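Notes for the one structure printed next.
The values are calculated or read from the model by the stated rules, or taken from the named source; none is laboratory data. Since the model is a prediction, treat every value here as computed from it, not as a measurement. Counting neighbours? That spans all protein chains shown, and the Cβs are built from the backbone with ideal geometry, glycine included. Heavy atoms of the whole protein, side chains included, go into the accessibility calculation; ligands, DNA and RNA do not. Shrake-Rupley method; radii C 1.70, N 1.55, O 1.52, S 1.80 Å.
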Amino acid sequence: FKKVEYEPANLPKLLSEMHYLSTAQKSALLATLAEFPQIFEGKKGDWKGEEISIRLKKGSKPYYAKAYPIPLSQRESYEVEVERQCSIGLLRKLTAKEVELGNW
């Protein structure tokens, strides 16, 4: 089990490992990535644009399926990651009532 640590990406190091890109492509990619450092800082971001809504077709119903089983060997890592995402507000735990009502 290895705890995942999130930190800013070392862009020059990552690009140096991309042997399939030409020098010009690496330079262009680095310039683009450097223009938006907040995206690669290893943290959750917030949408600052216009409010978004999704329109559903009339009569559409939610799709329910059996949850994908997490292999026992990965369960601890999975639980740590879910807790981390809850702690930064990316996910949240639902109450039994919210699940029952589909109110999420």
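Expected output is a single nm value to one decimal: the length gained when fully extending between ALA28 and GLU76, i.e. 0.36 nm times separation in residues minus the C-alpha distance. What is it?
Extending this stretch completely gives an extra 13.3 nm.
At most 15 other C-beta atoms within 10 Å and a DSSP loop state: those are the exposed trypsin sites (Lys or Arg not before Pro) I care about. Give me the longest piece of the chain that has none.
The longest uninterrupted stretch comes out as 4-42.
For the Cα atoms of the chain, what angle does the longest principal axis make with the long axis of helix 75-87, in degrees from 0 to 90, nearest 10?
With both axes taken from Cα atoms, the answer is about 90 degrees.
Using only helices, what value at 222 nm comes out for the chain when you add -39,500 (n - 2.57) per DSSP H run of length 4 or more and divide by the total residues, to the nearest 500 deg cm²/dmol?
About -10500 deg cm²/dmol.
In nm, give the distance between the simple-model label positions of GLU7 and TYR64, each being 7 Å from the Cα along the Cα-to-Cβ direction.
Output for this residue pair reads 4.5 nm.
If I take R0 = 35 Å and measure r between the Cβ atoms of LYS57 and PHE36 in this structure, what FRET efficiency does the formula 1/(1 + (r/R0)^6) give, to the nearest 0.05?
That pair, LYS57 with PHE36, gives E of 0.50.
Stretch LEU101-TYR20 to full length: gain in nm at 0.36 nm per residue minus the Cα-Cα span?
24.1 nm
Can you tell me the length gained on complete extension of the stretch GLN85 to GLU50, counting 0.36 nm per residue apart and subtracting the Cα distance?
Difference between extended and current length: 10.2 nm.
Taking the Cα centre of the chain as origin, work out the dipole magnitude from +1 charges on Lys and Arg Cβ and -1 charges on Asp and Glu Cβ, in debye rounded to 20.
The calculated dipole for the chain is roughly 500 debye.
Using the Kirkwood formula on the Cα atoms of the range 9-83, what hydrodynamic radius do you get, in angstrom to one decimal?
Averaging 1/r across every pair of different Cα atoms and inverting gives 17.6 Å.
Compute the long axis of helix 23-35 from its Cα atoms, compare it with the longest principal axis of the Cα atoms of the chain, and write down the angle in degrees, 0 to 90, nearest 10.
Value to nearest ten degrees: 50.
In whole percent, and with a 1.4 Å probe on the protein chains, what portion of the accessible area of the chain is carbon and sulfur?
58
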